[in-house]
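Visitor: First the structure, then my questions, so here it is.
Read the figures in this text as sums done on the coordinates, not as results from a lab. These figures come from a predicted structure and were not determined experimentally. Cβ placement follows ideal geometry from the backbone for every residue including glycine, while neighbour counts extend to all protein chains displayed.
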Amino acid sequence: MTVWQGFLEALESLSGNKLRSGLTVLGIVIGVAAVIAMLAVGRGAQESITGSINSIGTNLLVVFPGGKEQDRFRSLTMRDADALRDQLAAPSIEAVAPTLEIGGEVTFGGQQTSSPMIGVTPDYFQVRNVNLAEGEFITEEHVLGRASVVLLGSEVAQTLFGHTDGVTGETVRIEGQPFRVIGVLESKGGGEFGSEDDQIIVPLTTAKARLMGPKSGQAGDRIDVIYVQAASGDLVSQAMDEMAQILRARHRITDDVDDFTIFTQQDLLAEAESITNVLTIFLGGIAGISLLVGGIGIMNIMLVSVTERTREVGLRKAIGARKRDILVQFLTESSLLSFLGGMIGILLGWLISFIVGQVAAANNAPFTPVVGIDAILLATIFSAAIGLFFGIYPANRAAGLEPVEALRYE
Amino acid sequence: MNAIEAHDIRKVYQMGEVQVEALRGVSFTIQHGEVIAIMGPSGSGKSTLMNTLGCLDRPSSGEYILDGEPVASLSDDQLADIRNRKVGFIFQSFNLLSRQTAITNVELPLRYAGLRQDNSNGGRRDRAIEALKAVGLEDRMTHRPTELSGGQQQRVAIARAIVNDPAIIMADEPTGNLDSKVGKEIMSLLLTLNKERGTTLIIVTHDPLVAAQTQRTIRLRDGALESAS
């Protein structure tokens, strides 16, 4: 009995009961489609997050105050940031952008909003890949002169003015003080760290002198986060070592317990990847359960089919079919069922992913499900394996029938 | 060499706690080309004997030599092989595959024998066509069993039984499901095939008219031979 004949015979036998075969296949179709769609959604989420991490800067490193040990805390200072700019001690560093994070209420006319406010130096825009929709960046002069100027995130501008263009030159009030709008940030969409569109940027010195209120006295030289750009992607880890060395020397750390933490963009990417991987496995696992149920459906139908065809099995054995022939016959049928289901399921899963992407696009979410070759391969192999696995028991049952008993079966 | 040599064949079934002796030491020989009827009332061990002779089942003890090969202690797959090469079965209820055409049904034993489907001499299709011609069904080859009369279905079954050129043909009540006219035709076809091909023919039957057409009758009662006339 050649493989091809076995295949044709199985096809014939399955098409002899089209409704039943169709319903059995449907279980696998749904399972495979769910797996494909869920994996695509997971992959899409991963790519979207990776994209937004990449958009926060290029070759970026971030220094936070505080280390792993809770009791050892020391604020970062302007002088820390200045030390990192030392080209001799830190040749791998391209630019350093110290920042001060404060909150505040912005008003214009009757509108008000409270947004995260960040005090920066001119390097910030290069380090964090910030672009303007209109206006100009904060300059060295603004910083030196503690100028009351502000850059608005597009969302903030929208809230205050009802539109995002042509607002440069307007005057808004922050904590009651007048600030001149010198530009609007380009919209980036939602990011990993909250929307950057809902942000207000002022000169660092201005933030310290005018916006921190009574706390500004104690603050002294303190800054919150230092963003650093490495000279190139290859130099990121070297830059990290140089920074750690400089900061340890400045903070007089002799043991290995730092009072600061340095993150690289790669760290964030790796972390995000591990989170989205968990998400993908979780979604895929749930979808996998429906595939399992589909497989049990195949087993069920094959068992019914074996019982119905007991006489046929008896006859085949009487005229010379060996155990293996019967086994192969029923396994071919169950594999064919699940393989067909797998193929249709892949198409359906792809369609679902496509629709999800369209829905996301219609809602302005930066999210496109990605159907990977690996997901398709996985689904194909898995569905064929399910057909084999769940077919083995019924096929074995058929192959093990005694010819005398089987022929007598009514 | 005889077609069948049976020496002291016994068959014991375990029915729950009770042991039932279906065959209690049956011995006989059948020569090549003979036409034999096996008769006996229900429960006489007729079916058990037929299953044993057809290699569908193994005797509990005793020796059975089919066409020169001792088969009493072969494995399941070896028995399947013997059935494929040496035995042709004809059943009361035809037992055709209902979704397959006549010719595919006839080809089935050749498939399990592993013959290629080509049109060269001795190929599967050719041999199936030849067998269908021998039973007079050359114009019904592509019909399915549901499109054939009972007599025609039994002819397809006979073609299937002879397609492998077996040493013996086991027919279990071959005319039992047919009216008497068609039954006579089937019987005469079987006898003709026996004459032309020299195939040993063993018919299990209740019908004395059928038994009368055979050369010899083996009568069973309570698992033993009553007479082998």
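Visitor: Ignoring the sites themselves, what is the longest stretch of chain A with no chymotrypsin sites (Phe, Trp or Tyr not before Pro) in a DSSP loop and at most 16 other beta-carbon atoms within 10 Å? Can you show the working numbers first?
Guide: Numbers: sites that count: A:Phe73, A:Phe193, A:Tyr409.
The reported range is A:194-408.
Visitor: Right, another one. Report for the range A:75-250 the percent antiparallel among DSSP-assigned beta bridges with both residues inside it, nearest 5.
Guide: Values: 28 of 36 bridges.
That works out to approximately 80 percent antiparallel.
Visitor: In whole Å, what are the extents of chain A along the principal axes defined by its C-alpha atoms, from largest to smallest?
Guide: Rounded to whole Å, the extents work out to 103, 55, 34 Å.
Visitor: Separate question: Report D for the range B:123-166 in µm² per second (integer): Stokes-Einstein, Kirkwood Rh on Cα pairs, 37 °C, 0.692 mPa s. Let's see the in-between values first.
Guide: On the way: Rh = 10.3 Å.
Here the translational diffusion coefficient equals 318 µm²/s.
Visitor: Within the range B:1-45, which GluC sites (Glu not before Pro) sit in a loop by DSSP and count at most 16 neighbouring Cβ atoms inside 10 Å?
Guide: For GluC sites (Glu not before Pro) across the range B:1-45 that sit outside H, G, I, E and B with at most 16 neighbouring Cβ atoms in 10 Å, the list reads B:Glu17.
Visitor: Which helices pass in chain A if a helix is a full DSSP H run, must span at least 24 angstrom along its long axis by Cα, and must have mean Kyte-Doolittle hydropathy not below -0.5?
Guide: On the way: long enough: A:18-54 (52 Å, 1.08); A:265-308 (63 Å, 1.18); A:323-362 (58 Å, 1.30); A:373-399 (37 Å, 1.41).
Length and hydropathy pass: A:18-54, A:265-308, A:323-362, A:373-399.
Visitor: Cα atoms only: what Rg and Dmax, in Å, come out for the range B:1-143?
Guide: 17.9, 56
Visitor: Go ahead and set up a Gaussian network model of chain A, Cα springs under 10 Å, then flag whichever of A:Arg222, A:Arg173, A:Arg250 fluctuates most.
Guide: Sorting by GNM fluctuation, first place goes to A:Arg250.
Visitor: Okay, moving on. Quick one: Cα convex hull volume of the range A:75-250, Å³ per residue? Walk me through the numbers on the way to the answer.
Guide: Working: hull volume 20.4 nm³, N = 176.
Given the Cα convex hull of the range A:75-250, per-residue volume reads 116 Å³.
Visitor: Related question: Any idea how many Lys pairs in chain B come in under 23 angstrom at the alpha carbon, given 8 or more places apart or on separate chains?
Guide: Summing the qualifying lysine pairs gives 11.
Visitor: Just to be sure I understand: with springs between alpha-carbon atoms less than 10 Å apart, which residue in A:Gly341, A:Gly110, A:Gly42 has the highest mean-square fluctuation in the Gaussian network model of chain A?
Guide: The residue that fluctuates most here is A:Gly110.
Visitor: Sticking with this one: If the elastic network links every pair of Cα atoms under 10 Å, which of A:Pro116, A:Pro98, A:Pro366 fluctuates the most in the Gaussian network model of chain A?
Guide: In the Gaussian network model the winner is A:Pro116.
Visitor: While we're looking at this one, here's another question. At 222 nm, what helix-only mean residue ellipticity would chain B give, in deg cm²/dmol to the nearest 500, using -39500 (n - 2.57) for each DSSP H run of four or more?
Guide: Details: 7 runs with 78 residues, N = 229.
Taking each H run of at least 4 residues, the total per residue is -10500 deg cm²/dmol.
Visitor: For the range A:131-162 and the range A:1-26, what is the centre-to-centre distance using only Cα atoms, to the nearest Å?
Guide: When both Cα centres are located, 69 Å separates them.
Visitor: Of A:Ile298, A:Val236, A:Thr280, whose Cα points farthest to the positive end of the dipole of the range A:216-305 (charges on the beta-carbon: +1 Lys, Arg; -1 Asp, Glu; origin at the Cα centre)?
Guide: Working it through, the farthest residue towards the positive pole turns out to be A:Ile298.
Visitor: Take the alpha carbon atoms of the range A:324-357, find their center, do the same for the range A:277-313, and report the distance between the two centers in whole angstrom.
Guide: 11 Å
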